[in-house]
1. Out of the helices (runs of 4 or more DSSP H) lying entirely within the stretch 73-165, which hold 2 or more residues that are touching an Asp or Glu at 6+ places or on another chain (Cβ under 6 Å) and either under 26 Å from residue 249 (Cβ atoms) or assigned by TED's automatic domain parsing to the domain that holds residue 30 (or both)?
2. Against the condition more than 38 Å from the chain's Cα centre (by Cα), of a type in the set (A, V, I, L, M), outside the structural domain of residue 716 (by TED's automatic domain parsing) and surrounded by fewer than 20 Cβ atoms within 10 Å (Cβ to Cβ), how does residue 859 come out, does it pass?
3. Looking at (1) surrounded by 15 or more Cβ atoms within 10 Å (Cβ to Cβ); (2) touching a Ser or Thr at 6+ places or on another chain (Cβ under 9 Å), which is the one condition that is false for residue 361?
4. So, of the residues in the stretch 773-790 that are surrounded by 21 or more Cβ atoms within 10 Å (Cβ to Cβ) and among the β-branched types (Val, Ile, Thr), which turns out to be nearest to the chain's Cα centre (by Cα)?
5. In the stretch 464-485, which residues are under 36 Å from the mean Cα position of the chain (by Cα) and among the basic types (Lys, Arg)?
6. Going by the structure shown, is residue 808 touching a helix residue (DSSP H, G or I) at 6+ places or on another chain (Cβ under 9 Å) and surrounded by 12 or more Cβ atoms within 10 Å (Cβ to Cβ)?
7. If I filter the stretch 32-46 for residues that are among the basic types (Lys, Arg), at pLDDT below 85 and not in a helix (DSSP H, G or I), do I get at least one hit?
Amino acid sequence: MSTSTYKRFEDPESGVLPDKMTVYQESQRAFRASPIKAKKCRRLLSQLVHLLYHGETFNKTEATNLFFSVSKLFHNNDPSLRQMAYLAIKELCSMSEDTLMITASIMKDIQGREAVFKPDAVRTLSRVLDGSTIHAAERAMRNCIVDSNQAVCCAALVSTYHLFPVAKDVVRRWANEAQDTIGAAKSIVRSPYAAQGGVSGSSRLPQSTYFHQYHALGLMYQLRKDDKMGMQKLIQQLTGSRRLQNSFATVQLVRYVGVQLANEVQVGASIDASATRSWPLFASWLSDKSEMVELEAAKVVLSAQLARVFTSEQQMQAISTVSKLLSVPRTVTRFAAIRLLSRLAVSSPEKVRPCNGEIEELVNDPCRSISTYAITTLLKTGSAESVDRLVKIIGGFMDDITDEFKVVVVRAVGTLALKFPDKHRVLLGFLGDALRDEGGFTFKNSVVESVFDIVKFVPEAREDALKLLCEFIEDCEYTELAVRVLHMLGEYGPKASKPSTYVRYIYNRVVLENSIVRSSAVVALSKFALVGDQKLTLSIEVLLQRCLRDVDDEVRDRAAFALHLLKEADGSPEASARTRALLDPQTRFSLASLEQQLCQYVRSDDKASFARPFDASAVPTCSVEDKLAEQLRQKMQGEGEIKEGVKAEMKDEIKGEIKGEISEAGGETGAAFGETLTTQAQQEAQKSQMLVYARELATLPQFESYGDLLHSSQAVELTETDTEFVVRAVKHVFKHHLVVQYDVCNTLKTLQLENVTVIGQLDSDAYQEELSIPIQLLRPDSKASVYISYKRPDSGYDAANLSNTLSYVAKDLDEASGEPAEDDEGYPDEYQVEDLQITPADFVIPAFTGSFTAVFDSLPNEEVAVYNLGSAESTNMQDVVAKVTRTLGMLPLEGSARVHSESTHTLKLFGTSVDGAKVGALVKLILSSKGAMMKVQVRSSDADLSLLLANVWGEN
């Protein structure tokens with residue numbers, strides 16, 4: 001059907017769906033008529049497909065009738081009619097019965113000589129077949145995969161994707177054909193119907209686009225992604241003499257190599273070996289004739305996951321390639337290149353800064369998306385002198401871009417305010433204009449977030465930012481944003497030079513807004529009564545008295561509670577302190593810990609336990625300084641480095657204590673500061689993981705009497721990740737018990753395991769096995785856990801070696817049903833896994849301290865040991881530091897986890913034992929050609945713990 005014909009009968013009812021029953025009845029008559037009128041049938045098929053694509057459905061009887069009516073159109077050889085018939089059949093297959101009846105007609109087209117019918121026939125056949133009928137068409141599908149016609153080959157490969165989930169074993173047998181197709185030459189077959197239809201320029205079409213390589217490579221990846229060696233062999237073949245001709249296929253190959261490198265880094269493979277093997281490939285891709293290949297290669301080289309694989313020189317080569325693409329004529333290429341640089345500027349602005357000249361040329365690009373990214377990249381990498389000029393340029397095109405790009409710009413401006421606090425007036429003016437402009441919730445929320453950051457981290461701009469927020473809530477249509485702004489005003493307004501300035505804005509919300517905003521306004525108002533100004537306090541009490549007549553009970557309750565606390569505060573200093581703690585708390589509960597302990601309290605079967613109140617003191621808390629430090633850490637990680645002056649201002653603001661992150665000596669470097677703040681995130685992540693383990697263990701009645709979980713170790717891999725059974729272990733420490741959790745994954749497709757357990761043998765009498773919880777059933781591609789509990793000594797941190805053997809009953813699965821035979825009793829078998837070491841570090845919890853030196857010097861019991869780790873243990877200093885940290889089980893502090901010299905390094909570690917003893921370690925490392933020398937100085941409040949940790953390498 002020509003385009004003009006299609007438009008002629010669609011335009012009168014554009015946007016209106018045809019009547020379903022009318023189409024059904026007319027189709028039944030027209031498709032069964034003799035002779036068949038091709039033009040009329042094409043129109044009806046178009047309407048039918050139009051209905052199906054818009055979600056209309058037919059019941060099974062109607063769909064079956066339509067299906068067989070459409071099949072009668074195979075008597076007509078009109079190519080356009082046949083193509084429409086195949087589209088309709090594909091959609092009706094899922095609704096109809098007895099669809100296999102049409103297989104013969106489809107196979108006739110596949111085996112025929114008419115090339116125009118074959119691709120559609122192959123695609124439709126994949127929808128008709130299922131796991132039980134695919135064997136009948138296996139030979140035909142194989143022939144189509146190796147067909148010399150590129151269209152037929154691509155259709156067969158894409159159809160194989162659809163067949164793979166329902167017939168994996170059959171499709172796996174087609175791997176040889178798919179691999180041969182990658183290197184085979186395919187041609188575009190000219191159809192005689194194209195010439196009859198008057199397709200101009202058909203003689204100038206290319207002989208082959210090699211697009212079949214893209215589909216074949218994707219299929220090979222699906223077949224071999226679980227086979228590490230097979231995937232490596234495939235990559236070697238395609239990067240050697242048999243190089244890919246299609247750019248899309250090459251891009252796909254670049255991604256597969258990147259995924260493989262990321263997996264190797266994750267499992268701890270040799271980084272140097274990975275870089276040596278992979279860099280020549282990426283170097284050639286970075287100079288490829290295709291722009292998309294160059295971009296994809298640069299994206300992989302510059303990714304954060306592979307930052308340790310590629311050197312700085314190699315990354316700069318990738319950046320140089322991207323900067324050249326900024327000046328190409330193709331708009332989409334310029335957009336992709338500047339977006340890549342913009343993302344890189346978030347974490348590594350110094351690497352992007354040499355490209356600022358090319359980026360500035362894109363500021364006036366006709367494509368507003370490109371100019372937006374150019375501006376935001378310059379904001380992340382520019383200097384203080386360029387701020388005024390860049391902000392002026394931004395204001396000129398903010399009205400011409402969508403909210404999505406406005407959010408990008410606003411976030412960049414917010415980051416700029418943290419980097420250059422002296423420019424806060426210009427940047428606040430820009431954010432104020434953005435708040436006054438029209439925009440959706442996401443855009444307004446991003447502006448408010450940026451203003452919040454200025455309030456928290458730029459003290460000299462605080463009052464101007466608060467005034468901007470006051471102006472915003474006067475005409476704010478979003479309840480959520482109004483509540484958050486009121487909370488911010490209540491937190492920082494009382495600390496301003498004139499707190500009374502903000503009271504009017506807050507009380508206006510009590511008068512004019514809904515109940516949710518009014519409740520938040522009452523809480524914010526009550527905090528102003530704690531300023532110490534008696535006149536202001538009386539005014540606040542009068543305003544709160546008026547709130548007692550509010551129609552909403554939540555508003556009345558909050559006002560009454562605040563008035564009660566303020567009345568109590570007139571008494572003793574203790575009452576005043578209690579009032580301040582309730583109205584303006586300086587600590588917050590850890591919500592995850594609070595939820596877990598409340599669940600345990602409510603779930604207790606002992607009714608007598610409800611006689612005692614819930615102990616909130618056992619819930620970990622986080623101070624306001626901790627929370628502020630964590631927010632700054634997130635900003636630094638998400639938006640790059642923050643200027644040293646901002647950190648100094650923060651130090652004054654929170655009285656020199658963000659849990660010791662900023663030292664009293666006068667500040668750290670930006671990198672060390674960020675590393676120090678990151679330790680808190682690591683500690684919180686470990687706590688969150690331990691809470692997950694605690695919830696899982698709490699569901700097992702065998703461990704109810706063990707008490708609270710004190711510590712959980714990191715997961716230890718006991719097998720390779722590509723073996724038939726993947727086993728990893730986690731050690732859980734209770735007060736009197738040690739529980740070892742074995743996570744077992746069955747990767748075999750044809751084997752079911754029953755009564756799975758682990759036979760553990762300890763070489764120490766200090767631990768006595770008490771119970772074992774096996775896995776009753778482990779299906780293919782599934783994972784479950786075995787638990788073994790040991791009685792541990794009441795005191796001490798004894799080391800031991802635990803040898804492990806996986807024991808199970810195996811049953812073979814039937815290929816057709818996927819279930820074992822009913823009379824199959826299975827056969828017992830064992831599988832040897834790696835030993836598990838129980839070390840003193842398993843009883844040490846990583847902990848944070850603000851001043852490592854002061855705490856370390858105060859610990860009384862010291863042990864010192866010197867070791868030669870040998871050359872085999874020391875590929876580079878960073879690997880040695882990571883290994884020592886894992887062995888001692890403590891938290892690196894003061895940025896010592898990051899290595900700045902490959903020859904010497906000092907590592908500072910701190911933690912607490914499960915019994916509450918503090919322990920610190922000062923490790924000095926020297927790396928030379930003879931290996932790594934290490935001096936370990938351990939101090940603790942427990943003499944046994946310091947002795948065991950200092951000699952842990954001697955025991956190994």
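The values are calculated or read from the model by the stated rules, or taken from the named source; none is laboratory data. Small disclaimer: the values here were computed from a predicted structure and weren't measured. FYI the Cβ positions are ideal-geometry reconstructions off the backbone, even for glycines, and counts take in every protein chain you see.
1. Output list reads 79-92, 138-145.
2. yes
3. Residue 361 satisfies every listed condition except (1).
4. Residue satisfying both the conditions and the ranking: 786.
5. Correct list: 484 only.
6. no
7. Looking through the stretch 32-46, none of the residues is among the basic types (Lys, Arg), at pLDDT below 85 and not in a helix (DSSP H, G or I).
Yes/no matrix, rows are residues, columns are (1) more than 23 Å from residue 107 (Cβ to Cβ); (2) touching a residue at least 60 places away in the same chain (Cβ under 8 Å); (3) crowded, with 19+ Cβ neighbours inside 10 Å:
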position	(1), (2), (3)
26	yes, no, no
29	yes, no, no
37	yes, no, no
50	yes, no, no
64	no, no, no
77	no, no, no
87	no, no, yes
